[in-house]
1. Quick one: which residue in Gly174, Gly190, Gly211 is assigned by TED's automatic domain parsing to the domain that holds Ile268, open to solvent by less than 50 Å² (accessible area, probe 1.4 Å) and in contact (Cβ under 8 Å) with a residue 40 or more places away in the chain?
2. Looking at segment 1-32, which of its residues are open to solvent by 10 Å² or more (accessible area, probe 1.4 Å), within 16 Å of ligand 2 (Cβ to nearest atom) and either polar (S, T, N, Q) or under 25 Å from Lys168 (Cβ atoms) (or both)?
3. Check segment 290-309 and report whether any residue there is more than 16 Å from ligand 2 (Cβ to nearest atom) and in a helix (DSSP H, G or I).
4. Within segment 100-124, how many residues turn out to be open to solvent by 10 Å² or more (accessible area, probe 1.4 Å) and either more than 16 Å from ligand 2 (Cβ to nearest atom) or not in a helix (DSSP H, G or I) (or both)?
5. Taking the condition in contact with a Leu (Cβ under 8 Å, 6 or more places away or on another chain), away from ligand 1 (no atom under 16 Å from the Cβ) and in a helix (DSSP H, G or I), does Thr93 pass?
Amino acid sequence: MQSTLLALETSCDETSAAIISGGKILANIVATQEIHSQYGGVIPELASRNHDLFIASVTQEALNKANKELKDLDAVAVTQGPGLLGALLVGNTFAKGLSWGLSIPLIGVNHLQAHISALFIDYPNPSFPIIVLLVSGGHTQLIKINCHTDYELLGQTIDDAAGEAYDKTAKLLGLPYPGGQHIDRLAKTGNPNAFSFPEPKVPGLNFSFSGLKTSILYFVNEQSLHSHDFVNRNLNDLCASIQNTINNYLTNKLIKAVKQHNPKGIAIVGGVSANSDLRKRMVDLGNQISVNVLIPKFEYCTDNAAMIAMAAHYAYEKRQFIGLESIPFTRDMI
Ligand code: KG4
Ligand code: ZN
């Protein structure tokens, strides 16, 4: 009998539910909380309240789409962390209610590991090891994965995440939150070499993005003093140059990790892996160094419950369950 799991994601501003059966995703419903864009960032209290509003209907929609009922579920999985505490509490409390009410096990999923599991939705049996560049709004990490469930952290950002670098620079160009996708769109018709920004210098496989953000801020402010509509006149070139700087930096670190670890494949996951230039660079790099390239479909890049479901599928196989007394965690744990 194939096991059927419900998975829930409420760590930030997406309320999402997915159904997985026998390792296949049957439904993945994502309600993105648009309300935060008017504030230029995620407001934690609003996120919690909106998860509370949406979670039951999003879950029902996932069940309907998968043609399943609550009685068909073998387990319920939920993002246990890292994330916003109030937001996580909504998902965890809802999942515990279902686990208790239906007498089925509860699976706690690490959000970062789930971003990696998103790869296995479309590549169920890749050749290992794989070097993964995890780039999201809250994290930037290089991870070596030795099998579906064995992850080794090689390096990470010491300050801002790559997604934050995109969002903060987009904000100073006057673009809406979250800005990564707007930079991506506007960069398509810009010149990536129009402006150059210094590549951050951090040894080894760690990253830093806060200095880059500051140097772009100073540059834009200074140019705007001479010509007040500098940003508007150069918007596409600015976006292309910023994207070029961030993606050059990311891929240079990835190449360094590849040289050190000699993997069979390279991969990108997390919200920033939706970036069209970064996706193209990965394919080019894979061809150049003759390794497999794994990139999730767009809908599995930004936060979604399908990736939680995929991670839960492996946890269920190993009977890795958590108790009703478990609590969410807000810090990174990979
Ligand atoms: O993984 P994610 O949905 O949420 C976190 O776990 O943080 O990542 C969100 C991040 C945001 O910073 C957003 O601007 C960025 O992913 N992002 C992009 C693109 N689409 C989303 N960054 C660059 N280019 C994109 N196309
Ligand atoms: Zn995420």
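1. Result: Gly190 is the single residue among Gly174, Gly190, Gly211 that is assigned by TED's automatic domain parsing to the domain that holds Ile268, open to solvent by less than 50 Å² (accessible area, probe 1.4 Å) and in contact (Cβ under 8 Å) with a residue 40 or more places away in the chain.
2. Cys12, Asp13, Glu14, Asn28, Val30, Thr32 - these are the residues of segment 1-32 that are open to solvent by 10 Å² or more (accessible area, probe 1.4 Å), within 16 Å of ligand 2 (Cβ to nearest atom) and either polar (S, T, N, Q) or under 25 Å from Lys168 (Cβ atoms) (or both).
3. Taking every residue of segment 290-309 in turn, none turns out to be more than 16 Å from ligand 2 (Cβ to nearest atom) and in a helix (DSSP H, G or I).
4. Initial filter on segment 100-124 (open to solvent by 10 Å² or more (accessible area, probe 1.4 Å)): 100-105, 108, 110-111, 113, 121-124.
From the residues that got through so far, the ones that are either more than 16 Å from ligand 2 (Cβ to nearest atom) or not in a helix (DSSP H, G or I) (or both) too are 100-105, 108, 110, 122-124.
Number of matching residues: 11.
5. On the way: in contact with a Leu (Cβ under 8 Å, 6 or more places away or on another chain): no; away from ligand 1 (no atom under 16 Å from the Cβ): yes; in a helix (DSSP H, G or I): yes.
Considered against the rule, which asks whether it is in contact with a Leu (Cβ under 8 Å, 6 or more places away or on another chain), away from ligand 1 (no atom under 16 Å from the Cβ) and in a helix (DSSP H, G or I), Thr93 comes out as no.
The values are calculated or read from the model by the stated rules, or taken from the named source; none is laboratory data. Since we're looking at a predicted model, the values are computed, not measured. Don't worry about glycine lacking a Cβ; one is built from the backbone with ideal geometry, like all the others, and counts go over all protein chains shown. Please note that ligands, DNA and RNA were not included when accessible areas were found on the heavy atoms of the full protein model with its side chains. Shrake-Rupley method; radii C 1.70, N 1.55, O 1.52, S 1.80 Å.
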